[in-house]
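Step one of this worksheet: look at the structure below.
Bear in mind that the values in this text are calculations on the coordinates, not laboratory data. What you see is a predicted model, and the numbers here were worked out from it, not measured in a lab. Neighbour counts are summed over all protein chains in view; Cβ atoms, including those assigned to glycine, are modelled from backbone coordinates with ideal geometry.
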DNA sequence: TGGAATGTTCGGCT
DNA sequence: AAGCCGAACATTCC
């Protein structure tokens, strides 16, 4: 579920119900299910489940924000919680945070259920593949400090400087969270498609003009995706259970073999950085892109 | 049956 | 050093 637009959408939908609420209980439904579950839960919570429960009980949610693909909940000091603590949540590949009206699991792989005061609902965390993480942090943000700038905050000049200092392929760079925080496989492909750049093009070799085009494309794709509530490609929903609509605006992701909306050529798939990469072989040329505009227009008209 | 899936991290190689 | 690759993590879906 989770790239920058999806996480941003989840954060926004969490706020109304969660801001200012106190966590009154933390249930861990999968804890006692079988022998291996204990270890798996330990991994999910980055520590002993009991500590996670004890520390969080009684804490009040002061703030909720997104940092790359992470959700950061700042908590006020209550009971067992050290000062300046935050709950860091990464949704991994299939993690979901959804408000439900019952305190019992409604789906398999519901690992955490938060009870809240004065709300009449419970916050459920589920994650079939368990690539997600919930971890309590003190003031040590060193994990987050390793991440690169937010694509919506960085300036064009700074983006170009970073780009020109790297010899890696564009697709690899966009997936690298130390280069930019928040892009994943969908939005890397969609951004490159919008900028009409080949995914295997080398960052340091891009002209200033094309670098700026990539910068713009990333911001436009992300802004549009956020406006549409993210991409629901398998089961992603926000905290209110609503699906996103940006998957209907995808130009290349998941469209292998289908015609490019711009020129009609078949969308191709290749593997870069061990990830599936989708692009239009005509619009996204390695050398000189977009030479076929007139012919493309003619084809589209028919 | 095998492969792929919106992610991150690791070790090994060039 | 920088970049690349594959494996690992765990589960579901086609």
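Two decimals, Cα atoms only, Kirkwood Rh: what is Rg/Rh over the range A:54-213?
Ratio value, two decimals: 1.07.
Let's test the formula: R0 of 51 Å, r as the Cβ-Cβ distance of residue A:19 and residue A:207. What FRET efficiency results, to the nearest 0.05?
About 0.70, to the nearest 0.05.
Computed over the Cα atoms, what is the radius of gyration of the range A:166-217 divided by 2.2 N^0.38 Å, N being its residue count?
The range A:166-217 yields a ratio of 0.99.
Against the longest alpha carbon principal axis of chain A, how many degrees, from 0 to 90 and to the nearest 10, is the axis of helix A:208-227 turned?
Taking Cα atoms only, the helix is inclined about 40 degrees.
Just want to confirm a number: the relative contact order over chain A, from Cα pairs under 8 angstrom separated by 6+ residues, in percent.
Relative contact order here is 18 percent.
Suppose we take every Cα in chain A and form the convex hull; what volume per residue is that in Å³?
In chain A, the Cα convex hull volume per residue is 139 Å³.
Can you tell me the orientation of helix A:185-195 relative to chain A, as the angle in degrees between its alpha-carbon axis and the longest Cα principal axis, to the nearest 10?
Long axis of A:185-195 versus the principal axis of chain A: about 30 degrees.
Divide, for the range A:137-269, the radius of gyration over alpha carbons by 2.2 N^0.38 Å, where N is the residue count.
Dividing the Cα radius of gyration by 2.2 N^0.38 Å gives 1.12.
How do A:245, A:122 rank when sorted from fewest to most other Cβ atoms within 10 Å of their own Cβ?
A:245, A:122
I need the calculated FRET efficiency for the pair residue A:164 and residue A:131, taking r as the beta carbon distance and R₀ as 30 Å, to the nearest 0.05.
E(calc), rounded to 0.05, equals 0.35.
Shape call for the range A:1-94 from the C-alpha gyration tensor, a ≥ b ≥ c root eigenvalues: rounded (a/c under 1.5), prolate (a/b greater than b/c) or oblate?
oblate
Can you show me the helix-derived [θ] at 222 nm for chain A, built from DSSP H runs with n ≥ 4 at -39,500 (n - 2.57) apiece and divided by the number of residues, rounded to the nearest 500.
Only helices count here, giving -9000 deg cm²/dmol.
Calculate the FRET efficiency for residue A:223 and residue A:178 from the Cβ-Cβ distance with a Förster distance of 22 Å, rounded to the nearest 0.05.
That gives a FRET efficiency of 0.45.
P(r) for the range A:200-246, please, calculated from all Cα pair distances in 5 Å bins and given in %.
With a bin width of 5 Å, the distribution comes to 5, 20, 18, 15, 12, 12, 10, 6, 2.
Connecting C-alpha atoms closer than 10 Å in a GNM of chain A, tell me which of A:183, A:45, A:197 has the biggest fluctuation.
A:45
How do A:189, A:76, A:238, A:140 line up, fewest other C-beta atoms within 10 Å first?
A:140, A:76, A:238, A:189
Helix A:4-18 sits at what angle to the longest principal axis of chain A, using alpha carbons and giving 0 to 90 degrees rounded to 10?
30
Express the Stokes-Einstein translational diffusion coefficient of the range A:103-149 in µm² s⁻¹, to the nearest whole number, given a Kirkwood radius over alpha-carbon pairs, 4 °C and a viscosity of 1.567 mPa s.
Translational diffusion coefficient: 97 µm²/s.
What spacing in nm lies between the two simple spin-label points modelled at residue A:119 and residue A:107, each 7 Å away from Cα in the Cβ direction?
Each label point lies 7 Å from its Cα, and together they span 1.8 nm.
For residue A:146 paired with residue A:12, estimate the spin-label separation in nm (one decimal), with each label point 7 Å from Cα along the Cα-to-Cβ line.
A separation of 3.0 nm, rounded to one decimal place.
Using every pair of alpha-carbon atoms in the range A:44-124, split the distances into 5 Å bins beginning at 0 and state the percent of pairs per bin, rounded to integers.
3, 13, 21, 27, 24, 10, 2
Compute the orientation-averaged projected area for the range A:137-196 from the convex hull of its Cα atoms and round it to one decimal in nm².
Across all orientations, the range A:137-196 yields a mean hull projection of 4.9 nm².
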